[in-house]
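Asks: Questions regarding the structure given below will be posed in turn.
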């Protein structure tokens, strides 16, 4: 394990197969505190699988992942404890439809962090105010728009006070006019120094906010760089080809 | 010619009408007599009330047992389906325990769904609880265990139809498997299965009519006892059938309202 205290997540030779299909073929990565890593790639390239492996929603078939110095790929590790520190935001929001917005946000802190109802609700309302949704705290998810749901999903993750948040295509299921409001929230998080790993197709977000952009293709990292260099001088042909299609 | 026929027809109708009215009067009197003989005399209606009470009691308690058993079995089976292969890879005691309970559940489902409920009831009463004289409790247990097998499959289908993302969202917060099941998946499952579950309850209500096999005086048995006493089958049996019908119709109407409400609201 590395001695660098700033490294939050370290990935060593990560592999993942679904049956005979090898999706990830050995990925190495290092994510430092405060990093905003944007992962891009064509669909089917393995970028979402990579993200889902980081909190073991997908169990890797090879390699190691270290989170805050602990090898979480070790089966003896209680992954639930580490997941509390790794928030996740999904493409399909995955808010709990049978709970109010407030309950969605307090269930984690109350069940896992031992917070009292009053404490958890206070934090939740503060976070909701931040994304301009405090007045919807008693609504149910079905009564919100897509953009509102995703903002709630982000603050639900924040309510656990995580050290990193994983975003799995957070704007892909949104109507175009709602993408902006979600990206704004993510940008403000990045500015505050939240460590983020973001799988997205929003190249504008990558250019503006990322500390590093990673291009995954055919299950490996083909290229990674700081955003300016990444978009201005792509080196490998696959990336040039990809960027010419999406930009 | 036509006039003659018309007049004759009128007389005919008049006569027939009187006949009908007379026979109706006669019929009504018969009906009242029969009704009195079957239900009023010796306060026989009380048998029906008692039987009906027992039917509801058995159905209600057996339903509770069925739901409890069903939840447990559905969780074991869906956990095995979802996590079995992962746990097997990891090795350890967890997989062995899970596989063991899964096997027990499968045996239970096979036996209960593969034999008639009357046979199960007789086995309960004359073999397993041979020393017990509390026939209602034996019936409750027998019907509860029977119902559990069907409810388990309803619940399992419900658990599997809850969106996978819900489970992942719960786990990604840090909730463990059981917590995610209890707080996230099971509440949503109940909403999905509620109409089907109510129908199972209606089926159970009618199935308890065989409780008389072990001497329990349920609604059916009560009607049959009256028949044995008054030697008239029509009144008591039709009355029993009507009571079942009305109860089922009320339940069905409630289920339909419930379904509509669940459809209208997404929460």
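Asks: Give me log10 I(q)/I(0) at q = 0.07, 0.08, 0.12 Å⁻¹ for chain B, Debye formula, one equal scatterer per alpha-carbon, no solvent.
Replies: With no solvent term, the Cα-only Debye profile gives -0.42, -0.51, -0.87.
Asks: Follow-up question, since we're still on this one. So what's the convex hull volume per residue for the Cα atoms of the stretch B:53-126, in Å³?
Replies: In the stretch B:53-126, the Cα hull volume divided by residue count equals 96 Å³.
Asks: Additional query: So for the stretch A:1-117, what are the equivalent ellipsoid semi-axes in whole Å, largest first, each being the square root of 5 times an eigenvalue of the Cα gyration tensor?
Replies: After scaling each eigenvalue by five and taking roots: 27, 19, 14 Å.
Asks: Quick one: angle between helix A:176-191 and the longest Cα principal axis of chain A, in degrees between 0 and 90, rounded to 10, please.
Replies: Its long axis makes an angle of about 90 degrees.
Asks: Count, for each residue of B:185-198, the Cβ atoms from other chains sitting within 10 Å of its Cβ, then give me the mean as a whole number.
Replies: Mean partner shielding for this stretch: 1.
Asks: Starting from one equal scatterer on each C-alpha and no solvent at all, send me the Debye-based log10 I(q)/I(0) for the stretch B:70-189 at q = 0.20 Å⁻¹, two decimals.
Replies: -1.07
Asks: Other chains near A:139-145: what is the mean number of their Cβ atoms within 10 Å of each residue's Cβ?
Replies: 2
Asks: Related question: Which FRET efficiency value, to the nearest 0.05, do you get for residue B:253 and residue A:25 by plugging their Cβ-Cβ distance into 1/(1 + (r/R0)^6) with R0 = 56 Å?
Replies: 0.40
Asks: While we're on this one: Give the separation of the Cα centroids, the stretch B:104-182 to the stretch B:59-79, in Å.
Replies: 4 Å
Asks: Quote the FRET efficiency, to the nearest 0.05, computed for residue A:135 versus residue B:45 with a Förster distance R0 of 56 Å and r equal to the Cβ-Cβ distance.
Replies: That pair, residue A:135 with residue B:45, gives E of 0.40.
Asks: Something else about it: Give the relative contact order (percent, whole number) for the stretch A:8-86; include only Cα pairs under 8 Å separated by 6+ residues.
Replies: 34 percent
Asks: Could you work out how far apart the two model spin labels at residue B:131 and residue B:8 are, taking each label as a point 7 Å from the Cα in the direction of the beta carbon, and quote it in nm?
Replies: Roughly 8.4 nm, to one decimal.
Asks: Over chain B, calculate the relative contact order: mean separation of alpha carbon pairs under 8 Å at least 6 apart, over the residue count, as a percent.
Replies: Reported relative contact order: 27 percent.
Asks: If r is the Cβ-Cβ distance from residue A:61 to residue B:191 and R0 is 35 Å, what FRET efficiency results, to the nearest 0.05?
Replies: 0.45
Asks: Something else now. Restricting things to Cα coordinates, could you compute the convex hull volume per residue of the protein assembly as shown in Å³?
Replies: So the per-residue hull volume is 277 Å³.
Asks: Also: Using bins 10 angstrom wide from zero, how does P(r) for chain A break down, in % of all Cα pairs?
Replies: So the P(r) values, bin by bin, are 7, 31, 36, 21, 5, 0.
Asks: Let me ask another. Taking the stretch B:188-233 on its own, what percent of its Cα-Cα pair distances exceed 13 Å?
Replies: Tail fraction, whole percent: 65.
Asks: Okay, next question. Among A:55-62, B:216-223, B:103-110, how do they line up from the highest to the lowest mean number of other beta-carbon atoms within 10 Å?
Replies: Going from most to least packed, we get B:216-223, A:55-62, B:103-110.
Asks: What is the distance in Å between the Cα centres of the stretch B:191-207 and the stretch A:139-187?
Replies: Answer, in whole Å: 39.
Asks: Rounded to the nearest 10 degrees, what's the angle between the helix A:117-130 long axis and the longest principal axis of chain A, both from Cα atoms, 0 to 90?
Replies: With rounding to tens, the tilt is 60 degrees.
Asks: Using only alpha-carbon positions, what ratio does the radius of gyration of the stretch B:106-149 give when scaled by 2.2 N^0.38 Å?
Replies: Relative to the rule-of-thumb radius for its length, the stretch B:106-149 sits at 1.10.
Asks: Once you compute Rg and the Kirkwood Rh from C-alpha atoms, what is the Rg to Rh ratio for the stretch A:171-247?
Replies: Here Rg/Rh amounts to 0.97.
Here, each number is a calculation from the coordinates, and none is a lab measurement. What you see is a predicted model; the values in this text were computed from it and never measured. Glycine gets a Cβ as well: all are built from the backbone with ideal geometry, and neighbour counts include every protein chain shown.
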